[in-house]
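Novice: Provided herewith is a single structure, encoded as structure tokens, for subsequent inquiry.
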Ligand code: HEC
Ligand code: HEC
């Protein structure tokens, strides 16, 4: 336990101390600090962590110098030729070419260069505006440089986090092989909001192995700075998906606010592991009688005509085949199926409500006829949801 990749990481971090990567640097240093203090028994080795081996740093500095040279030789002439009129110091379009060191200004300008997701760099993606779009060959030159910068950026090896993807309007899939779950994905639908994203139908999909995840946090990226969902709505999510099966994640919906709808997003976990059903405790309903008294009549009135089995699409999306059977076992099963469509931390944004709400942006073949009916429906189910919330918080 006294050895590890840490000395290498320190070498990397100190060699690439450009401010554009300050957050990573800080992060790495913090982790190293934790390693050192966490390894009190390895005191003799500690100086290794603090003083990186010089040769490694020298190599890194060389690579960094070459990439900077690539910027100066290939990118600067393009910027000067096509963009400088409006993007110099104090320019009308924002002075990302200004400052005493243009290279530094470009790297630090918000969202201009993304080292985590090069194609999300606005320097590449801006397109025609008051200024011109890049020609195809020019864009290739700029892209090649951004890619080289990205290759030099350190991996965030210390967190259990996927690579970011740039979500598209519609269906999206985040690959979980980065967190050690090959073949597994989290899929969701994204609808852009004026200052955020609305994610729905979120589903954890296992590959050929059963998987267990705990506490997924969605992390939008602003340039190279992570801005984790501050509400952290899925902090109580602890789910298991059997091999080749899919499970709804925390009620299936998530609204990310104060972020661009084109921001890349990644997902962090506190646990992501292969597992068998027997190893994880599956959460069920705590208050089935409250479900039967408050939620069942509403769902039976408005929803089972499609979700009770007659419409396969509806039943696969949300299964209510047990709902009309009032025996305790059937009610327990029905309750568990509806619970998987409820977000206990943010219940009004549960897909069970958004699907039926007349004004919601979630596409669904059926909407309750008016707002009053919807509120009556939601209030009734909320009595049961409050009972589930109280049960998990131990009240
Ligand atoms: C004729 C003036 C003009 C020229 C030339 C010009 N731009 Fe712009 N640019 C603007 C203006 C005005 C804005 C701010 C409004 C907007 O975002 O469209 C802007 C904004 C931008 C932004 C967003 C900056 C930010 O702070 O978010 C990027 C990126 C950008 N331009 C890239 C370029 C590139 C690359 C070139 C050269 C190929 C270029 N521009 C040439 C006028 C110009
Ligand atoms: C007219 C048929 C019909 C009725 C009635 C109906 N649904 Fe659906 N529902 C569907 C279909 C079809 C799907 C799957 C495809 C889709 O989402 O449009 C679905 C999907 C869903 C989903 C999954 C959406 C997601 O994002 O994962 C939820 C939740 C849902 N319905 C809730 C309800 C509720 C609550 C009611 C009663 C208020 C209801 N549905 C009534 C047809 C119906």
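We did not get these values from a lab; they are worked out from the coordinates using the rules stated. None of the values given here were measured: they were computed from a predicted structure. Here the Cβ positions follow ideal geometry from the backbone for every residue, glycine too, while neighbour counts run over all protein chains shown.
Novice: If you take the C-alpha gyration tensor of segment 170-279, multiply each eigenvalue by 5 and take the square root, what semi-axes do you get, largest first, in whole Å? List each step's numbers first, then the result.
Specialist: Numbers: eigenvalues 118, 35, 31 Å².
Calculated on Cα positions only, the semi-axes equal 24, 13, 12 Å.
Novice: Pop the C-beta distance of residue 305 and residue 346 into the FRET formula with R0 = 25 Å and round what comes out to the nearest 0.05.
Specialist: Result of the calculation: an efficiency of 0.35.
Novice: Okay, next question. For the pair residue 222 and residue 315, what calculated FRET efficiency results from E = 1/(1 + (r/R0)^6), where r is the Cβ-Cβ distance and R0 = 41 Å, to the nearest 0.05?
Specialist: 0.50
Novice: When 265, 174 are ordered from fewest to most other Cβ atoms inside 10 Å of their Cβ, what list results?
Specialist: In increasing order of surrounding Cβ atoms, one gets 174, 265.
Novice: If you don't mind, another one. Multiply the residue gap between residue 231 and residue 326 by 0.36 nm, knock off their C-alpha separation, and tell me the result in nm, one decimal place.
Specialist: So the chain would gain 30.5 nm between residue 231 and residue 326.
Novice: Now, a different point. Taking other Cβ within 10 Å of each residue's Cβ, how do 215, 364, 307 sort, fewest first? Please list the in-between numbers first.
Specialist: Values: 215 17, 364 14, 307 23.
In increasing order of surrounding Cβ atoms, one gets 364, 215, 307.
Novice: Let me ask another. Figure the gain on full extension for residue 367 and residue 66 (residue separation times 0.36 nm, minus the Cα-Cα span) and round it to one decimal in nm. Don't skip to the answer; put the middle values down first.
Specialist: Values: separation 301, 0.36 × 301 = 108.36 nm, distance 5.94 nm.
Additional length available on full extension: 102.4 nm.
Novice: Please compute the length gained on full extension between residue 89 and residue 262, using 0.36 nm multiplied by the number of residues separating them and subtracting their Cα-Cα distance.
Specialist: 59.5 nm
Novice: Go ahead and run the numbers for FRET between residue 383 and residue 177, Cβ-Cβ distance against an R0 of 41 Å, rounding to 0.05.
Specialist: Taking R0 as 41 Å, the efficiency between residue 383 and residue 177 is 0.45.
Novice: Based on other C-beta atoms within 10 Å, arrange 82, 198 from fewest to most. Before the final figure, lay out each step's value.
Specialist: Working: 82 16, 198 21.
Fewest to most other Cβ atoms nearby, the residues stand as 82, 198.
Novice: Enter the Cα centre distance for the pair segment 354-368 and segment 308-346, rounded to the nearest angstrom.
Specialist: Segment 354-368 and segment 308-346 have Cα centres separated by 18 Å.
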